[in-house]
Amino acid sequence: MRIRTTAATATVVGALALSVLAAPSAQADGRYGDTAITKVTVNGGKNVVIGTSAVKKFSVTVQAKDNSGIESAMIYLRGPAFGSLTPNDTRCSGNTCTAKFIVDPKVDLYYSNDIAGTWYVDAWVTANDGDFVWTQKAKSFKFQRASRLSVNAAPEPVKKGKTITVTGKLERANWETFKYHGYGSQSVKLQFLKKGAKAYTTVKTVKAASNGTLKTTVKASVDGSWRYSFAGTATTPAVSAVGDFVDVK
């Protein structure tokens, strides 16, 4: 990904950044003094999901402690296939440092799907008295290709006892073409919401074809909505289709 630097981050980084950026990725964690990282939160605790065109903005907060107070922090994100992100801005207030990230899929994703998956937060926190802590993999999170799922139940209406054919398609963002492509060979649940009920129930599990298409049949019994629901993978978030209501006569 594109490496970003700003005047704000430059003043935070100082000479220490040179040693951090030059260090090999296998460098062990380290510290000087009593500074400690107590909590790291990425995107409010949610996975970071990127589509094909919309710019994604999210924050990473690092909470730390030191008897002299926290002065500054350097926060980096690191993923598979040499994926990396530096923040557009990092600021500390009290014991909390917040790094803001902006990801433009058509600029920052290397035209590569390989960087989707498990990512890590690397953080260097410096205290007012010069103490510091450097922690790799301070937090893990999922950096994922956006997904979408459709459904169509037919015929509508249908006579009780007759067959309903439920079709659909599971797709996910392709960061190499900037289009949505079928996500094939995945297990997807067919679910039903009886009219008047509050929760969907799983009827069966369907395997998507190589191009992501879904098709199965069920017997019509009562009015209700049909949908497909995908549990997600490390690279692709969970998604459920909007239910398609079928009137049973």
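Table for the structure above
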{"read-out": "Residue within the stretch 162-172 that is touching a residue at least 40 places away in the same chain (Cβ under 8 Å), under 30 Å from Ser72 (Cα atoms) and acidic (Asp, Glu) present", "value": "no"}
{"read-out": "Residues satisfying the stated conditions in the stretch 37-76, i.e. open to solvent by less than 30 Å² (accessible area, probe 1.4 Å), in a strand (DSSP E or B) and either among the aromatic types (Phe, Trp, Tyr) or within 24 Å of Thr118 (Cβ to Cβ) (or both)", "value": "Val40, Val42, Val48, Ile50, Phe58, Val60, Val62, Ala64, Ala73, Met74, Ile75"}
{"read-out": "Filter result (farther than 23 Å from Lys160 by Cβ and assigned to a loop (DSSP other than H, G, I, E, B)) within the stretch 227-249", "value": "Ala231, Gly232, Thr233, Ala234, Thr235, Thr236, Pro237, Ala238, Ala241, Val242"}
{"read-out": "Within the stretch 155-192, considering residues that are touching a strand residue (DSSP E or B) at 6+ places or on another chain (Cβ under 6 Å) and of a type in the set (Lys, Arg), the one surrounded by the most Cβ atoms within 10 Å (Cβ to Cβ)", "value": "Arg172"}
{"read-out": "Neighbours by Cβ (under 6 Å, 6+ apart or cross-chain): first from the stretch 90-114, open to solvent by 60 Å² or more (accessible area, probe 1.4 Å); second of a type in the set (S, T, N, Q) and not in a strand (DSSP E or B)", "value": "Lys100/Asn88"}
{"read-out": "Restricting the stretch 193-226 to residues that are assigned to a loop (DSSP other than H, G, I, E, B) and loosely packed, with under 11 Cβ neighbours inside 10 Å, the residue that is nearest to the chain's Cα centre (by Cα)", "value": "Ser210"}
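The values are calculated or read from the model by the stated rules, or taken from the named source; none is laboratory data. Model, not experiment: these values are computed from the prediction. Counting neighbours? That spans all protein chains shown, and the Cβs are built from the backbone with ideal geometry, glycine included. Surface areas here come from the heavy atoms of the whole protein model, side chains and all, with no ligands, DNA or RNA. Shrake-Rupley method; radii C 1.70, N 1.55, O 1.52, S 1.80 Å.
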